[in-house]
Structures are given as structure tokens and as C-alpha cells.
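Novice: One structure follows; several queries about it will come next.
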Amino acid sequence: MAYFITGGTGFIGRNLVDQLVKRKGTIYVLVRRGSKKKFNDLVAERWSDHKRRIVAVSGDLTRPALGVSKADTEKLSGKVRHFFHLAAIYDLSADNEANEKANIDGTRHAIEFAEAIKAGRFHHTSSIAAAGIYQGTFREDMFEEATGLSHPYFRTKHDSEGLVRRQCSIPWRVYRPGIVVGHSKTGEIDKIDGPYYFFKLIQKMRRMLPPWVPTLGLEGSRINIVPVDYVAQAMDHIAHKPKLDGQCFHLTDPHPKRIGEVMNLFADAAHAPLMSMRIDARLFAFIPAPVKQGFAMLPPVKRIINQVLEDLGIPKDMLGFFSYPTQFDNRDAEKALRGSGIKVPPLEDYAWVLWDYWERHLDPELFIDRSLSGQVQDKVVVITGASSGIGKAAALMMGEAGAKVVIVARGEEKLLETKAEIEAAGGKAFHYTCDLADMDDAERLVKQVLADHGGVDVLVNNAGRSIRRSIQLSYDRFHDFERLMQLNYFGSLKLIMGFLPEMTKQRRGHIINISSIGVLSNAPRFSAYVASKAALDAFSRCAASEFADTGVAFTTINMPLVRTPMIAPTKIYDHVPTITPEDAADMIKQAVIFRPQRIATRLGIFAQILHAAAPKVSEIVMNSAFRMFPDTAAARGEKDGGAVKPTQEQVAFASLMRGIHW
């Protein structure tokens, strides 16, 4: 006995070969000429004990009679008892031409070749998509009744099955698997499809919320999910049973679950919040279709939908399955499998296996270039305030990653030290002195950098000044507010406005503004500092909206308290939790790699949410801290009394509110 398989190296095909090698006979696999090495590697890795029995036959699905040579055709004539045709496109996003070539022309060519070699039986792997969008239960003996075949994938799967039914002169059997997911024991799958498209959404929910928080979701129709090992075992068993020719078999779950249930099973497997409250998608059916379609076509709505789907990696066509109306009767398949022990395992028994395999092998984040060098190699990165603290740590990091680091500060001596350290580590550095509080000097800097480097890829606005003084002690110090606004806001803004034209022209660029956790927590005693940073934050949010379609990104980093020379005069900070400049540089690294609109600590976000949801509570907390941590002697205009030992209450409070400025 011999077998011939098209698509034998594909997902379902590999699992079918796993079953066929348990039987006697040679297994011939159609392989494109350029894929021989890949095939040989697969045989050596997966079927090494049977490598003499698994033989590659050169050919091409898109060519008549599969493009198999005359010599191979003659050699196989009369030898193949079972011809399995699995090769096809299983992709909802593929265009009409691709579906036509693979699914219809490919099936026609497979039939031609099977007839040419006088195969004993033709086994065609169709799909439940052949039913189209049928309203109600689709039986295994139904075919012409299919409706809603406008989608290229649905139509070509239906028409290719029709070719087998009408044109195949040798005995045939048709198999219609449901939505095929990974192996129920190993989780193995080779691409993201079906329910996997929603895994990224579940993962994002897990990162945002603890698992005990109930969330809102959609309840949709029932979807038919089956693991690949069940499909392969069922096909193998039914193919070898007598007296079943001319029949179709639904390899489906007799008890399919609703989409909301499926999502919750995977959410539970991922330790993510469950969608305890689910809105039935059918409730939206009362809205006239033209109204829904018109709303979805509005430019901002369309862009928002497309952006969300792109971020989550969900094809737009998948949304249609929330109201998928077709159910599948599989009594003929169950009858053929009776006594074999082959049945669809409950999804709840293997959902965790599928999730685990996806997160370890297929999560798109695994394939992102997370290296800083992948983002900044040979790119021009401007960092202000680079002579010490956060700026220096970031400059050293960028230099090590291969960037052309443009470092800026007022003092040349320390700036040259930073430059020397970068170059000693093998990096490239260019130093420029500038007082960013002086608008003329800032403009000079912009012109010089553009003249020397042609443009800027990343601008890190890090240079800044802070003043810790209560408002009561600032009544006669209006200049404090002016000084901070001049440097922290206007100085940064001058660079942004100077470098933006070239960034937009090149359609790429990234502006990173180092802000403060105080903007989120409304830190007392820092009104001048927080106001200047809040102004820059607000500008960045507005700019991000304006430049969203230009390739230029804006990121605000609401930095927690960092142990830098800027906070050194406040002696109480010697005893409170802070992060290092290197930790701060890592936050800049994350900004460069992922280009988010904002990076902040969880405590910072919590402080912002608390102020939005319960402003009075937030006010009480901050006022308590204000009374607990007094102004320094310098802020009061008194002589510095030396080191101040904090109270246990102050240490405990600062530890609880880690990173917030007091």
C-alpha cells in the first residue's frame, strides 16, 4: 500500500503523516523543487525512524497534473491506494487570486494527477467554510445549499469541493474540519489563526489588571474548534474504513462553545481577568446595516478600528465570526469513528496547552527586535543634559548601542568626560555646549546640529531644573516659576520645533520628553517644577495627535525620583527610595524600542487614576505628605543646618509612595 499527499509538510499534513507512518507502505509527499532541503530536515527531525518510507516527489500545486515529471508519474501509476489532497490556502486575509490558484486550480490539478496515476481513492480536505454563511444547521450531506459565499476563502473552498464531487472519476471522500487549533497534547501549531488572534488582547488584559477583576466582553455565536491531532486521527481512521466513498464528514465538535466561553477558557489559562459580564452581539442586530456601515466608514472611526486591530494583530474579517450563524451536524463522522476511541477532547482540558505553546513560540512580541542597537544603530540621537545623571547614563547606553550620540550641556568640561567615556567604549559622540534657557543659543544649537548631521532621528529632552519650595515661601519668588518654565518647557520646545520639520520631511523621528511622576501625583512643594513639566506633557499629547500619521512619535516618561545631582541638595532624599540613572536610562531604552505615548510607574498611574476618580482623597494624601515633609532650610532662606535624620513615619511613608517627590 502506498500513499500520496499534497500539503504533507503543512500543519494538518504533518500530523496526518504522523498517523500514516504507523501503517505499512510508502508515503509520497509533493514537494516544490526549492523546498527539498526543508523537507529533508523535517523528515530527519520528525520521522527519522521512517525516513526510507517517506519520499519527496517534485511538483507544483499551480501546474497541470501538479507538474510531476512523466517518469515519476509512470513510476507511481497503480501504486497509490490513498491520495490525500490537503494543500490549500487557509487564510482569511488572502486575496481572491491567491485563493483561486491554490484552492480551485490546485484541487483541479490534484484530481488530474490522481487520475493519471490511477489512485485507488481521492481524499479531499475541505473546510466548514464550504458551507459559507448558512443560517442554521449544515448537514454532511448538504453542499448546494451553501449560502453567503462572497468571501474569497469561503467561495473557493466550496468550489474546490464541488470539483471533487463533479469531476473526480475515482472514488472520493471529503473531510470538513472545523477551526483547527494546536495539538491537544503538545500545543504545537505553526501560525496564528482563529481564536489565536484574540490571545494578544487577553495578554494585554493580564498585564493591565489583576486576574480577580471582572471585565466586560462580547458574547457571540458558537464557534467550532477542534485540535489538529483529532483531525489527523479522524481522517486516517475514516480513510481506511470500507464502504464510505462518496460521503462527506464533518470533523467538528458536537458541542461547540460560544465565543465568550472560549475567550474565558483562554483567559483562565493565561491567568488573565475573566469577562464576567458579556454583552450578546445579537443585541446590535436591531441597528440597520446601512447605519452601522456608515458609522464604521467615518474616517476617525475607521482609523481607530484599524489601529486597535493592528495593535492586537486581529484581521478585520475575524469580527464577522461574532455573529457566525452556522452550526454543523457531524453524525456521519461520529458513526464512522464509533468504537475507535477518537473524539474531540473538551477545550477546557487543553486550552492551557494551546496558550502555553503560543506564549512560548508564537507570541508576536518574541519576534520584535528588542535590542536597542536594532533601533539606533548609526542613527543620530540628541540627548540634552548629558554631562551627568540620567542624560549621561542614556548617552553611554546609546553609544554602546551604536548610535551617533549628540550630547548637549552647558558645561564643556563634564561634557567632554562623557564624550571620552563613550568613545573609550567604542561609540561615536559629538558634543555641543548650549544654554537651553537662552532661546537664541538653543536656535544656534538646532542649526548647527542639522548642518553637521543632516537631521535627528531621536531627541531626548532630558535637561531640566527643579526647585523644592512651598508656594507660601514663593510669594516673592516669581522668578523661580519663570526660570523653570524657560528651561523645562521653552528650552525643550525650541528643540522640538527646530528638529520637527526635518523629521516630518523624512517621515521618521522620535521625541522623548523626560517628565516627572509629580505631574501624575500633583506633588506638593514642586508646583513650579510640575507646572513646567505638565506644560511639556500637554504639548506632547497635542503634538502626538497632529503627527500620528507622519512617522514621528512622541513619548513622555513620567520619571520617578532619580538619584542625580539635581536632588542632592535635599538631604532627606538620602533616606528615601530612588532609582539610579541607569534605571532611568532603561526607561528611555523602552521608549526607543516600543515608541509608546507614555511610560510611567504603576504608582504614578495609580496616583493619576486616584486623582481623577476621588480628587478629595488624593488631596488629603498629598496634604498629609506636605505636612509630614517640611521645607528645607535653604527653601526657608535659612542657613543649612546639615544632615537631617528622617523620622520613622517619614521613611515608612516614602517607602509606601516609592519614587514620588516630597
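Just so it is clear, none of the values below were taken in a lab; they were calculated from the coordinates. The structure displayed is predicted, hence computed values, not measured ones. Reconstructed Cβ throughout: ideal geometry from the backbone, glycine too, with neighbour counts over all protein chains shown.
Novice: Could you name the lysines whose alpha carbon sits less than 26 Å from that of LYS36, not counting residues in the same chain fewer than 8 places away?
Specialist: Cross-link targets: LYS22, LYS24, LYS51, LYS70, LYS75, LYS79, LYS101, LYS118, LYS191.
Novice: Which ³J(HN,Hα) values in Hz, rounded to whole numbers, follow from the phi angles of region 176-193 under the Karplus curve 6.51 cos²θ - 1.76 cosθ + 1.60, where θ = phi - 60° and Gly and Pro get x?
Specialist: Taking θ as phi minus 60°, the curve returns 10, x, x, 6, 7, 10, x, 5, 5, 9, 10, x, 4, 7, 9, 7, 7, 7 Hz for region 176-193.
Novice: Set Lys and Arg Cβ to +1 and Asp and Glu Cβ to -1, take the dipole of region 18-150 about its Cα centre, and tell me which of ASN96, ILE27, GLY59 lies farthest positive.
Specialist: Value computed over the given set: ILE27.
Novice: Another question about this same structure. More than 25 Å apart: what percent of Cα pairs in region 45-201 qualify?
Specialist: Looking at region 45-201, the distances longer than 25 Å represent 39 percent of pairs.
Novice: Starting from the amide H of VAL562, placed 1.01 Å from N in the peptide plane, find each other amide H under 5 Å away whose residue is 5 or more places distant or on another chain.
Specialist: Answer set, sorted by chain and number: ILE579.
Novice: For THR147, what residues show an amide H to amide H distance below 5 Å, using hydrogens built from the backbone and excluding near sequence neighbours?
Specialist: It is ILE133, TYR134, by chain and number.
Novice: Using a 10 Å cut-off on Cβ atoms, rank the peptides 357-369, 587-599, 436-448, 229-241 from the highest mean neighbour count down.
Specialist: Highest mean packing first, the order is 229-241, 587-599, 436-448, 357-369.
Novice: Relative contact order of region 384-427: what whole-number percent is it, with Cα pairs under 8 angstrom and at least 6 residues apart?
Specialist: This gives 46 percent for region 384-427.
Novice: Okay, moving on. Within 13 Å, Cβ to Cβ, of ALA442, how many net charges do the neighbouring residues add up to if Lys/Arg are +1 and Asp/Glu are -1?
Specialist: Neighbourhood net charge equals -1.
Novice: Report, in whole Å, the centroid distance computed from the Cα atoms of region 170-208 and region 71-130.
Specialist: Using only Cα atoms, the two centres lie 23 Å from each other.
Novice: How large is ³J(HN,Hα) for each residue in region 350-358, as worked out from phi by the Karplus curve 6.51 cos²θ - 1.76 cosθ + 1.60 (θ = phi - 60°), to whole Hz, x for Gly and Pro?
Specialist: So the J values, rounded to whole Hz, are 10, 4, 5, 5, 5, 4, 4, 5, 4.
Novice: Around LYS494, what is the net charge, scoring Lys/Arg as +1 and Asp/Glu as -1 over all other residues with Cβ under 10 Å from its Cβ?
Specialist: -4
Novice: Give the long-range amide H neighbours of ALA403: residues separated by 5 or more places, or on another chain, with amide H under 5 Å away, using H modelled in the peptide plane at 1.01 Å from N.
Specialist: Residues meeting the criterion, in which the H sits 1.01 Å from N, are ASP378.
Novice: When ranked by the protection proxy of mean other Cβ atoms within 10 Å per residue, highest first, what sequence do the peptides 410-416, 3-9, 382-388 form?
Specialist: 382-388, 3-9, 410-416
Novice: Compute the FRET efficiency between ARG81 and ASP363 as 1/(1 + (r/R0)^6), taking r as their Cβ-Cβ distance and R0 = 45 Å, and round to the nearest 0.05.
Specialist: So the FRET efficiency works out to roughly 0.60.
Novice: Go ahead and run the numbers for FRET between SER169 and LYS38, Cβ-Cβ distance against an R0 of 56 Å, rounding to 0.05.
Specialist: The value I calculate is 0.95.
Novice: What is the spin-label model distance, in nm, from HIS50 to LYS24 if the labels are put 7 Å beyond Cα along the C-beta direction?
Specialist: A separation of 1.5 nm, rounded to one decimal place.
Novice: Still on this structure, please answer the following. What list of ³J(HN,Hα) couplings, whole Hz, do you get for region 109-117 from phi and the Karplus terms 6.51, -1.76, 1.60, once you set θ to phi - 60° and write x for glycine and proline?
Specialist: Karplus-based 3J(HN,Hα) across region 109-117 equals 5, 5, 5, 4, 6, 4, 5, 5, 9 Hz.
Novice: When ranked by the protection proxy of mean other Cβ atoms within 10 Å per residue, highest first, what sequence do the peptides 147-157, 330-340, 116-126 form?
Specialist: Descending packing order for the listed peptides: 116-126, 147-157, 330-340.
Novice: Another one. Between MET208 and MET142, what is the spin-label point distance in nm, taking each point 7 Å from the Cα along the Cα→C-beta axis?
Specialist: A separation of 3.8 nm, rounded to one decimal place.
Novice: Between SER58 and MET277, what length comes free when the chain is fully extended (0.36 nm per residue of separation minus the Cα-Cα distance, one decimal in nm)?
Specialist: Using 0.36 nm per residue and subtracting the Cα-Cα distance, I get 73.4 nm.
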